[in-house]
Structures are given as C-alpha cells and as structure tokens.
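*Asks:* Sending over a structure as structure tokens; questions will come in a sec.
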Amino acid sequence: MLLVFVSRETRAQTTASSGVLVSRAELTAAATQADIAAEKGDPTTRSRSAMLAAAIRQRLRDGDFQVGDRVIVTIMSDIVHRDTLIVRSGRSLELPGPILVPLSGVLRSELKDRVSTEVLKYVKAREIEVTPLMRLGVLGAVARPGYFAFASDVPLTDAIMGAGGPTGTADFGRSVIRRGTQEFRSASETREAIASGLSAGDEIVVGSRREFNPGTIAGIAGALASLVAVFVTLHR
C-alpha cells in the first residue's frame with residue numbers, strides 16, 4: 001500500500017530552492033565544490049567527494065523523474081481540475097487533452113515551469129500548481145514501516161514522522177539510507193546523500209538499540225531526542 005503525504009506547508013514550498021528542489025545552477029556549483037574536495041584530504045574523503053560529484057552530474061544529465069513517479073497537477077481556470085499523474089515510459093507525463101510533457105533531464109525545481117509551458121499551449125488557466133511526489137521506504141524502528149509517496153522536498157525528519165515516528169527502541173546512530181546497492185551510514189554520508197537528491201526508491205532504515213525496556217518512558221524520550229539531533233545535524 002502506498003500512502004500519499006502532502007501537507008499545506010509542503011505544497012507551498014514545492015517551488016522553493018531548498019532541499020532537493022535546488023536549481024540547476026546550485027547543483028552545478030555543488031558538483032564543482034565536490035570536484036575540488038575530491039582533490040584534497042584523505043583517500044576516504046576524496047573518494048566520497050568524487051562519488052558525490054558524479055551523482056550530482058548524473059542528476060543534472062538525467063533529471064529527477066523515473067517511470068512510476070507521481071505528480072499532482074492542479075489547473076485552475078473556470079473550474080479547478082486536479083489529477084495525480086504517473087510518469088510513463090520514456091519519462092513523460094500525460095495530462096488530459098492529451099498533453100504530453102517530456103521529463104527526461106528535468107529537475108524537480110524545473111517541473112512547474114515545464115508543465116505550465118505545455119498546459120498553457122492548450123488551456124487558458126489563471127494558475128497551475130505542480131507538486132512532484134516520490135516513493136520512499138521508511139523502515140526499521142518506526143511505528144508504521146512501509147513505502148510512502150512524499151512531496152519531493154520532504155525533510156528527512158518529516159518522512160520519519162510520516163511513518164508514525166520513531167519507536168521507543170529507535171537509535172538514529174544506527175540508521176542508514178539505502179540507495180540501490182549503496183548504504184549511507186554516517187551523518188556526513190547522510191548529508192551527502194540528501195545533497196545529491198533523495199531519489200524514488202530510497203529506503204530510510206531507522207536503527208534500533210540492542211537493549212530496551214519497553215515499559216520506560218525514557219526510551220521514547222530518547223528516540224525523540226535523537227530525531228531532533230538528526231534534524232539539527234542535517235541543517236548545520
């Protein structure tokens with residue numbers, strides 16, 4: 001079962017240049033900085049920086065959208081028409097009409113302009129809202145582990161709370177982000193994974209402590225404190 005989470009605040013932020021909705025220029029600058037870092041420091045830092053630069057450049061080349069991704073499109077003209085659309089084969093979005101919007105090479109931050117340009121060729125609309133969603137797995141020590149459709153700029157902490165929040169045994173120091181065959185474990189690796197852009201299919205696996213007394217309130221308080229710590233670390 002795939003649940004969709006789009007808060008009012010998130011919808012208002014979907015065109016903001018923050019989180020994964022950064023502009024092409026910002027991503028290019030980040031790749032350049034990673035290239036510079038890849039020439040300095042210890043071998044581990046150089047290797048990690050080179051991987052980050054490559055991931056960002058792949059995102060710039062291929063865009064953010066994969067077959068199966070979902071996009072909420074709201075067209076306001078004489079009436080309000082809202083659809084949740086699925087990216088089809090060939091990385092294209094088919095709106096009623098039919099209006100075909102190619103998404104190959106398109107970033108999430110560019111989606112609204114791309115969709116609006118195509119829609120306005122056929123429809124006289126006073127406003128168009130576009131909310132890209134992506135499917136993320138939130139697993140491990142959370143109340144309702146599973147796969148969810150979140151707005152693309154969802155903070156990591158909001159994704160965890162969307163799965164019911166951490167359990168009393170949660171230990172964020174043991175958490176990982178899985179992306180294909182890769183695993184990001186440390187705080188710095190997690191920041192780099194998010195900087196390169198959370199991708200559809202990523203799995204956030206919240207770790208568990210080895211020992212816990214489920215009857216203690218202190219365990220739950222500790223898990224929530226860990227969640228706050230993750231939020232602070234990722235926003236430094």
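The values are calculated or read from the model by the stated rules, or taken from the named source; none is laboratory data. Note that the coordinates shown come from a computational prediction; the quantities given were computed from them, not determined experimentally. Note: ideal-geometry Cβ built from the backbone for every residue, glycine included; neighbour counts use all protein chains shown. Only protein heavy atoms, including side chains, enter the accessible area calculation; ligands, DNA and RNA are left aside. Shrake-Rupley method; radii C 1.70, N 1.55, O 1.52, S 1.80 Å.
Yes/no per residue for (1) touching a residue at least 40 places away in the same chain (Cβ under 8 Å); (2) within 20 Å of residue 70 (Cα to Cα); (3) within 17 Å of the chain's Cα centre (by Cα); (4) buried (at least 17 other Cβ atoms within 10 Å of the Cβ):
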{"site": "126", "(1), (2), (3), (4)": "yes, no, no, no"}
{"site": "133", "(1), (2), (3), (4)": "yes, yes, yes, yes"}
{"site": "138", "(1), (2), (3), (4)": "yes, yes, yes, yes"}
{"site": "148", "(1), (2), (3), (4)": "yes, yes, yes, yes"}
{"site": "165", "(1), (2), (3), (4)": "yes, no, no, yes"}
{"site": "168", "(1), (2), (3), (4)": "yes, no, no, yes"}
{"site": "171", "(1), (2), (3), (4)": "yes, no, no, yes"}
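*Asks:* When the stretch 142-155 is examined, which residues are found to be touching a helix residue (DSSP H, G or I) at 6+ places or on another chain (Cβ under 8 Å) and over 11 Å from residue 204 (Cβ atoms)?
*Replies:* 151, 152, 153, 155
*Asks:* For the stretch 28-78, give me each residue that is of a type in the set (Asp, Glu) and over 22 Å from the mean Cα position of the chain (by Cα).
*Replies:* Passing the criteria: 35, 39, 42, 78.
*Asks:* Would you be able to tell me the number of residues in the stretch 91-118 that are touching a residue at least 40 places away in the same chain (Cβ under 8 Å), in contact with a strand residue (DSSP E or B) (Cβ under 9 Å, 6 or more places away or on another chain) and surrounded by 14 or more Cβ atoms within 10 Å (Cβ to Cβ)?
*Replies:* Counting residues in the stretch 91-118 that are touching a residue at least 40 places away in the same chain (Cβ under 8 Å), in contact with a strand residue (DSSP E or B) (Cβ under 9 Å, 6 or more places away or on another chain) and surrounded by 14 or more Cβ atoms within 10 Å (Cβ to Cβ) gives 5.
*Asks:* Across the stretch 177-192, which residue is most open to solvent (accessible area, probe 1.4 Å) among those that are among the hydrophobic types (A, V, I, L, M, F, W, C) and either at pLDDT 65 or above or part of a loop (DSSP other than H, G, I, E, B) (or both)?
*Replies:* Looking at the filtered set, the residue picked out is 184.
*Asks:* Could I ask something else about it? Looking only at residues in the stretch 193-208 that are modelled with pLDDT of 85 or more and part of a loop (DSSP other than H, G, I, E, B), which one is surrounded by the fewest Cβ atoms within 10 Å (Cβ to Cβ)?
*Replies:* Among them, the one singled out is 207.
*Asks:* Another one. Report, by residue number, each residue of the stretch 104-126 that is in contact with a helix residue (DSSP H, G or I) (Cβ under 7 Å, 6 or more places away or on another chain) and of a type in the set (A, V, I, L, M, F, W, C).
*Replies:* 106, 107, 125, listed by residue number.
*Asks:* Still on this structure: Given (1) open to solvent by 10 Å² or more (accessible area, probe 1.4 Å); (2) within 22 Å of residue 58 (Cα to Cα), where does residue 121 come up short, assuming only one miss?
*Replies:* Evaluating residue 121 over (1) open to solvent by 10 Å² or more (accessible area, probe 1.4 Å); (2) within 22 Å of residue 58 (Cα to Cα) leaves (2) as the failure.
*Asks:* Next question, about the same structure. Look through the stretch 66-90, keep the residues that are among the charged types (D, E, K, R) and not in a strand (DSSP E or B), and return whichever of them is most open to solvent (accessible area, probe 1.4 Å).
*Replies:* Ranking the qualifying residues of the stretch 66-90, first place goes to 78.
*Asks:* Considering 139, 107, which residue is out of contact with any Leu (no Cβ under 8 Å at 6 or more places or on another chain) and hydrophobic (A, V, I, L, M, F, W, C)?
*Replies:* After applying the criteria, what remains is 139.
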